[in-house]
Amino acid sequence: MVAALLLRQVRRILLTVLLGGLLGATLVRLGPGFGVDERELDTRLSAGSQQAIRSERDRDNNIAVFYFRYLAGLARGDFGFSRSLNRPVSELLKERLPLTMVSLGYGVLAGASTGLALALLTVWWRAPGADLVPAVFSGLCLAAPVAVIALVFLWLGPWIGEASRWAIALVVFPHVYRYSKNQLVATSQWPHVVAAQAKGLSGWRVLWAHIFTPAAPQLAALAGISVSLAFGASIPIEVICDTPGIGQLAWRAALDRDLPLLVTITVLVALMTLVVNSLADLALAAWNSPARSTAEAGTAEVASA
Amino acid sequence: MLIRPAIVFLLSGALAASAANELRFCLRADPKTFNPLLVEDESSSAVRYLTGGVLIRLNRYTQELEGELATKWKVSENGRRIDFELRRGVRFSDGSPFTCEDVAYTMRQLMDPALHSPVGDAFRSAPGEVETKCPGPSAATVRFPAPVAALAAQFDGVAVLSAHSPQKESAVLGPFELGEYKPGAYVLLRRNPNYWKRDANGHALPYLDSIRLEIQQNRELELLRFRRGELDLINKLDPDMYDRLSSEMPRAAVDAGPSLDWETVFFNQVQTAPMPEYKRRWFRSSDFRRAISEAIRRDDIVRIVYHGHARAAAGPISVANRFWLNPAVKAASGSDTAAMALLQHAGFRRSGATLVDSGGNKVEFSMITNAGNKLHERMLTLIQQDLARLGIQLNVVVLDFPSLIERISRSFNYESVLMAWTNIDLDPGAQMNIWVSSAANHQWNPNEKAPETAWEAEIDKLMQAQSASQDLNKRKTYFDQVQQIVADQAPVLFLVNPDALSAIGPNVKNAAPAVLDPQTFWNADRLQVGGTLVSRR
Amino acid sequence: MTGKQKFAIGVLAVVALASLGAAYLAPSSYSEQFRDAISAPPSARFWLGTDELGRDRFARLLYGTRVSLLLAPAAALLSTLLAGLIGGAAGYLGGRWERFLTTGVDLFLSLPWLFLLLAVRALLPLNTSPVTSVAITFLLLGCLGWAAPARIIRAGARTLVNSDYLVQAGASGISRWRLFWLHLLPNLRPILLAQFWISVPLFILSEANLGLLGLGVSEPLPSWGAMLRELENYSAVLQNPWILAPVVLLVVVVGCLQLLLRTEESAPC
């Protein structure tokens, strides 16, 4: 049963990733500026050299042919050649992916755990205005441009270490905080929670067993979004912090219309998003039946108290 | 008895200084290639400059040619032939000897049409083979199928490769050799132990042990690191950062004066461009173009956008290019009266607050520029207001660079453009592909089958004449005329020549920033960082 | 309506009226360049000083409020509605439909939509007015910004689908679509409101970031996003703190929106 579910997810992920690569390549191909090269403005180049540059760029004009060649290369472990950086894409990925994954990991963990912790604290404290400080702080994080956040951390660099991680954390935090708090507050108003509080169960037990646990499936969905959000934010953050990761690579590839690099990054992002979201879905599926049981058990516990 | 400990102390001090004798500055991007013949981007060019040995070097400070690997040279046959007397006793970084064979090998590689080398293309004045002969191990003769303008100066960009070394391009003749390269992080150059040059006291050059080129795209970060002492120089500063730095570290910020670069505006004059016919008539009218030029307040651009670190430009030669400048050509005055007079002469008139042409069409057009360039965006906004005073509505459009290139080079779907040009060459021969009407870089109307106007035909004739002549004074006369025609017809409106701004750290010695690139490290073999000179004999 | 909500409405009304009355309140137009007063500090003449082109910051802030306050919430509303419909439908329908829609959402999240924005800009005539151009940009942002929240809304819908009241309503014969529109969607309100509240500043900032690619507001039309780009020069911020005015206004407006939309968010007793 579980194996069948996993197999289905893997198949879905594979097909979606392949489709994502093709659609991404099509978007790039149809975008303006595809196939041009800034070397065309170099006045030293002869007409023959300029024509050679154009012909080389025109090779990728037929997107179906390009994508077929790309997939054939992918099967051999060859991700293509980046014209903008003049190096094989696989080499670039090998150098840059670990750096981005570490930044994303730290950033998402720090941002999500802080957001969730503050949301839990706000709900547990229950005082009017309890969420004033976190709300203002999350509002500031949302209102400040990513570039400014990144620059602030850069300036603090010698004291706090890798700036991009903290900047990513600050981008993820307000989303996680706001959604978590809303969900936890909504859950806290369910009848069985009110009953549990009235029956005198401790605040901590009510919070953990009857507010957080039923809300956990929705909160798990935040994981996938946080990863997508963090990756999206990593592009400007890595550009500004000059972190040589995948985000900076993606920006460079977009500016240069580097098709093999862009398609590979699209495939990578699709894979990452799908894997994380699939895990969240599996968690949601696993929780949903027991979640009802938990609610029922919670009600039973309250009734028997 | 006391002398020995003192000597030991001094030596250890010197050794300690040499351990820190590393120059650090930034490249904006990873070098795309370490093959000196294929260099096209700025980062690769910096590495080539520091590692490549050349026969003739243009001294960036004095703007004079100096012999490097060639002790003497002679240009003859009207610019078709150049004879070199090669320096003896020179070795590549791997110890292999430098001979004429290496020059011949380099020229063969360079002129291979399949290579599409920009440096090679600069020599390609006509089809045909380039012959390199070695009358002796220390003599080389290179013969071209047709005259090459400024032949000797072109060799400044030709780094000589080793014909025999197993290290291939890694065996170099310059002051530094490639030590380490960590993609996305840095390039480390180490001193070439076999570098031939010595200073006046016989000390072996370079003084530096190494140069660390950090790969840093973000200019704010670069400035931050310079302030913290993590970098020793910044090769190019923008005006905002220059002012910020000079308020905190006044001696570090250097303004070497106007550079060779241009900020320009040009109009789309392509016959087949997708635009209404009445707009095409505007852009093809020299009165209209000169009127726009007159209306633009260059002094405001210099003061507001460049904070005074620029000079109003009159034509295609910067004031920094002392020999080739035609002093008779003056920058437009920024006078609305003069502008209106030209417009009226061309049949335009005011209709209330709006300018209309003779057909009653409101004068409204767009000007594109590349996004992400704050200086261009500010310039465009100033120009928008300047033209509004004449009743012209200018629509500002910023586009990402590939979209902009596509419009000006492929689809010609634009009306006017604000663009920067980087000039690396003093000689106007390098501008052939801009002024000759049949060239691809004759940007406002490229690849003309025949000159479409009399003045373009005249410019074609003059450019060919200056290219074919070896007499410097005759060439100057021809190009002075080109400058005058350009001023009269205004196919390109020259706005400003930005100053060459850079930053030199307090611990860097012998720095002498120049206006020609590389501004700050053109004399890298003589730069020192802190400490005392380590004597190397 | 609580006192805080009345206060929030009051503040938003003041901001909206000020921006609509910019022609009367602002001492000069947003595009006029006082070239003899570049980067001037605040004074009686220029209440928030001038920018690097000598334009009155206060005037630009007022006029920019029109662009940002009107278009960003509109784009946020569009993306929230799309997210609610698609995410809600996915969670409600379940089974194959849920898998299909969820896969579509994940695919949508992975694609480089930047190129669609560039393509749309390329298709627009070069002489398109700045207002039209920015309206189209925000419309596109609204159409592209639904995917991430759709996932969360789907998770929320999934949980609600099994809740007692929906099961009872279904058992009593109410049609599926009526259940969806009248009983499920309204109960997703807390999530939808959170999404809307977060999206407003996100879209304002996205417009600023898109300016790096030429997709933002064209000069001389001001917007909060374009003014926020001045903050990238952090030493200028330290010397001229009044350039933080757009940030302050944005935080105030977003905070008021949050207060206004907190109908379901009463603190637990």
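What follows is calculated from the coordinates using simple rules that are stated; it is not laboratory data. Values in this document were obtained by computation on a predicted structure and should not be read as measured data. Cβ placement follows ideal geometry from the backbone for every residue including glycine, while neighbour counts extend to all protein chains displayed.
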Computed ³J(HN,Hα) along region C:217-227: with the Karplus parameters 6.51/-1.76/1.60, θ = phi - 60°, integer Hz and x for glycine or proline, the list is 6, 7, 5, x, 4, x, 8, 4, x, 5, 6
List the residues, sorted by chain then number, that are 5 or more residues from A:Arg257 or on another chain and whose placed amide H is less than 5 Å from its amide H.
none
For region B:348-379 and region C:135-192, what is the separation of their C-alpha centers, rounded to whole Å?
49
Within 10 Å of each Cβ of A:210-217, how many other protein chain Cβ atoms are there on average?
1
Which of the pairs B:Lys32/B:Lys476; B:Lys182/B:Lys509; B:Lys197/B:Lys509; B:Lys32/B:Lys168 have their Cα atoms more than 25 Å apart in this structure?
B:Lys32/B:Lys476; B:Lys182/B:Lys509
Would you list, by chain and number, the aspartates and glutamates whose Cα falls below 20 Å from the Cα of C:Lys4, excluding same-chain residues fewer than 8 positions away?
A:Asp131, C:Glu264, C:Glu265
Please identify the GluC sites (Glu not before Pro) of region B:77-135 that satisfy two criteria: DSSP loop assignment and at most 13 other Cβ atoms within 10 Å. Which are they?
B:Glu129
Positive dipole terminus of the protein assembly as shown, leading residue within A:Val28, B:Phe226, B:Asn194 (C-beta point charges):
A:Val28
State the Kirkwood hydrodynamic radius of region B:287-374 in Å, one decimal place, computed from all pairs of distinct Cα atoms.
15.2
What helices in chain B pass both tests, a Cα length along the helix axis of 20 Å or more and a mean Kyte hydropathy of 0.5 or higher, using whole DSSP H runs?
B:3-19
Separation of alpha-carbon centers, region B:439-509 and region B:30-90, rounded to whole Å
24
So what J values fall out for region A:49-65 if you push phi through Karplus, 6.51 cos²θ - 1.76 cosθ + 1.60 with θ = phi - 60°, rounded to Hz, Gly and Pro as x?
5, 5, 5, 5, 5, 5, 5, 5, 5, 6, 4, 8, 5, 7, 5, 5, 4
In nm, give the distance between the simple-model label positions of A:Ala64 and C:Ile9, each being 7 Å from the Cα along the Cα-to-Cβ direction.
6.0
Any residue on another chain or 5+ positions along whose placed amide H is under 5 Å from the amide H of B:Ala139 is listed here as B:Leu86, B:Cys100
Could you give the angle, 0 to 90 degrees to the nearest 10, between helix A:2-30's Cα long axis and the longest principal axis of the Cα atoms of chain A?
40
Please compute the Kirkwood hydrodynamic radius over region B:374-415, one decimal place, Å, based on all pairs of different Cα atoms.
11.5
On each of the three principal axes the extent of the alpha-carbon atoms of region B:86-158, given in whole Å and largest first, is 36, 23, 20
What does the net charge come to around A:Leu19 if you take all other residues with beta carbon closer than 15 Å to its beta carbon, with K and R at +1 and D and E at -1?
+2
So how far apart, in nm, are the two label points at C:Ser163 and A:Lys199 if each is 7 Å from Cα heading toward Cβ?
2.1
Placed amide H near B:Val90: partners under 5 Å, 5+ positions off or other chain:
B:Phe98
In Å, what is the Rg of the alpha-carbon atoms in chain A, and how long is Dmax?
24.3, 89
Semi-axis lengths (Å, descending) of the ellipsoid that matches the C-alpha gyration tensor of the protein assembly as shown
57, 36, 29
With a sphere of radius 10 Å drawn around the Cβ of C:Arg151, what net charge do the other residues whose Cβ falls strictly inside it have (Lys, Arg +1; Asp, Glu -1)?
-1
Interatomic Cα distance distribution for region B:29-182, bins of 5 angstrom, percent
2, 10, 19, 24, 22, 15, 6, 2, 0, 0
Total formal charge among the other residues, if their Cβ is under 9 angstrom from that of A:Gly224, Lys/Arg +1 and Asp/Glu -1
-1
Tabulate in residue order the Karplus-calculated ³J(HN,Hα) for region C:245-250, using 6.51 cos²θ - 1.76 cosθ + 1.60 with θ = phi - 60°, rounded to whole Hz; enter x for Gly and Pro.
3, x, 5, 4, 5, 5
If you split all Cα-Cα distances of region A:121-230 into 10 Å bins from zero, what percentages do you get per bin, shortest first?
13, 35, 29, 17, 6, 0
Each label sits 7 Å from Cα toward the beta-carbon; between A:Leu5 and C:Arg45 the label points are separated, in nm, by 7.2
Distance cut-off 26 Å, percentage of C-alpha pairs in chain C lying past it
52
Bins of 5 Å from zero: percent of alpha-carbon pairs in region B:433-537
2, 10, 14, 13, 11, 10, 9, 8, 8, 7, 5, 2, 1
For B:236-242, mean number of other protein chain Cβ atoms within 10 Å
1
Could you sort A:19-30, A:212-223 so that the peptide with the highest average Cβ count within 10 Å comes first and the rest follow in order?
A:212-223, A:19-30
With no solvent and one equal point scatterer per Cα, compute the Debye intensity ratio I(q)/I(0) for region B:197-237 at 0.26, 0.27, 0.28 Å⁻¹ and report its log10, rounded to two decimals.
-0.87, -0.92, -0.96
Give me the dipole magnitude in Debye, nearest 20, for region C:36-91 about the Cα centre, with unit charges on the beta carbon: positive for Lys and Arg, negative for Asp and Glu.
140
Cα-based helix-to-principal-axis angle, A:259-304 vs chain A, degrees rounded to 10:
10
Nearest 500 deg cm²/dmol is fine: what mean residue ellipticity at 222 nm does the protein assembly as shown get from its DSSP H runs of n ≥ 4 alone, each adding -39,500 (n - 2.57), divided by its residue count?
-16500 deg cm²/dmol
Averaged over the residues of C:197-204, the number of partner chain Cβ atoms within 10 Å of each residue's own Cβ comes to 4
Per-residue Cβ neighbour rank within 10 angstrom, fewest leading, A:Leu118, B:Leu188:
B:Leu188, A:Leu118
